[in-house]
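The values are calculated or read from the model by the stated rules, or taken from the named source; none is laboratory data. Since the model is a prediction, treat every value here as computed from it, not as a measurement. So basically every Cβ, Gly included, is an ideal-geometry build from the backbone, and we count neighbours across all protein chains shown. In case anyone asks, the SASA skips ligands and DNA or RNA and just uses the protein heavy atoms, side chains included. Shrake-Rupley method; radii C 1.70, N 1.55, O 1.52, S 1.80 Å.
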Amino acid sequence: MVVGIEKAVSAKKTPTAVSFDCVINLARGDPTMYQPYWRRMGDKRLHRVVGNAVVDDDRYVIVGTGSTQLFQAVLYALSSPHNPDTEPLSVVAAAPFYSNVFALMELVPFFRDIRKRLHYGVVSNETMEQTFVSRGDGVFSGLYKWAGDAYTFDRDGAYVEFVTSPNNPDGTIREAVVNREGGKLVHDLAYYWPQYTPITGKANNDIMLFTFSKATGHAGSRIGWAIVKDKEVATKMVKYMELSSIGVSKESQLRAAKILDVIAEDCSISSPDKEENFFKYGHHLMSERWEKLREVVKRNGVFSLPKYPRDFCNFKGKETDSIPAFAWLKTKDGLNCDNLLREHKIVTRGGTNFGVDSDYTRVSMLSLDDEFNLFLERLAAIKGTINGN
């Protein structure tokens, strides 16, 4: 998985010899001598084993510091050709949508004058890079802006639509909504793994985002990766990450590559005495939790949960249920769901954070066993409180 550190790198082997008269940059001290070894690790192997994404040799894998940096890198790459004299590039997603990344677009200012001067050749790329680094935040929010719900988006011109599937927060399978000329799609497939949803085919989109934390639970490593078809987009994404964080932690990449390789190897081995692999273990655990939660919700009568269709999973070779990483909980009486749960010492993320009403809230299904069981106990007790009032 360790590719794209100084340039977007295809999995296809390319000549590495330098030309006789080239400039040799030995100023950085970046230990790139180890890259050939780590490229042989499981960067694309797990996708091939699971079958959830096309990872042919003509694709570029770009590694980032978690999903947030990848989101910003993609937006920079797609919006950087945009004329700064025009309106910033519109960014949309269908509600309910994941809230954190889009909030960043509204909160971080950008000196648009610098971008215009670069566009018209008044300043050099080197000056732009110095300005970028000195700002510290590295977010080109003047190039793009959050334009809200894709279902209500009606502006003309270029736009980027983020398609999260399975969706965060409600777990539904999504497709593009706007479907107009001038649009570009980014598919966030962080939860397209067999412990959460049936793998119905290999995703084959122009830009696909994945994150180590959702695939394996190793959130502390802060590693995500994008699979990109277009070389120019991939190169711009890498440039963004070089300037915003001077690359990606080598230790985190090393750890992630090894863990992904171990999981891929485990999934490739089959024998009568073998314990269930990581994804089967995860699916079994998630199934148990969802069954318990649905039983509590059914008994207390205060809340409701979405129903998800079964589908054939190519990875497991049978029909399986969708069991999302989050429960999209709704109160039946229109009460503020997040506030109601907080009264019982259950902290969730309310629906207004995702562009919908407050009677919805997002509940993580990924906590430790003790926390999850305590959550079920407190949720079950809410029935008496509501009826008593």
*Which sequence of ILE173, ILE62 reflects their accessible areas, 1.4 Å probe, from the largest down?*
ILE173, ILE62
*Of all accessible heavy-atom area on the range 229-301, the percent that carbon and sulfur account for (1.4 Å)*: 53
_Average accessible area per residue (Å²) across the range 279-375 - probe 1.4 Å, nucleic acids and ligands excluded_ = 54
*Multiply the residue separation of ASN204 and LYS258 by 0.36 nm, subtract the distance between their alpha-carbon atoms, and state the gained length in nm to one decimal.*
16.9 nm
*Separation in nanometres of the label points that stand 7 Å from Cα toward Cβ, at THR68 and GLU175*: 3.4
*Measure off 7 Å from each Cα along the Cα-to-Cβ vector at LYS292 and ASP57, then give the distance between these two points in nanometres to one decimal.*
4.9
*Mind checking the full-extension length gain between GLU251 and GLU275? Use 0.36 nm per residue of separation minus the Cα-Cα distance, one decimal, nm.*
5.7 nm
*Holding the Cα-Cα limit at 21 Å, pick out from LYS214/LYS316; LYS298/LYS332; LYS44/LYS318; LYS298/LYS330 the pairs that are longer than that.*
LYS44/LYS318
*Using distinct alpha-carbon pairs, which all enter the 1/r mean, Kirkwood radius of the range 278-387 in Å*: 14.8
*asked:* Could you compute how much accessible surface GLU291 exposes when probed at 1.4 Å, giving the result in Å² to the nearest 10?
replied: 130
*Mark the label point 7 Å from the Cα of ASP369 along Cα→Cβ and return the residues of the range 179-199 whose backbone N is within less than 13 Å of it.*
none
*Can you sort TYR360, TYR76, TYR196, TYR281 by 1.4 Å-probe accessible area, starting with the largest?*
TYR281, TYR360, TYR76, TYR196
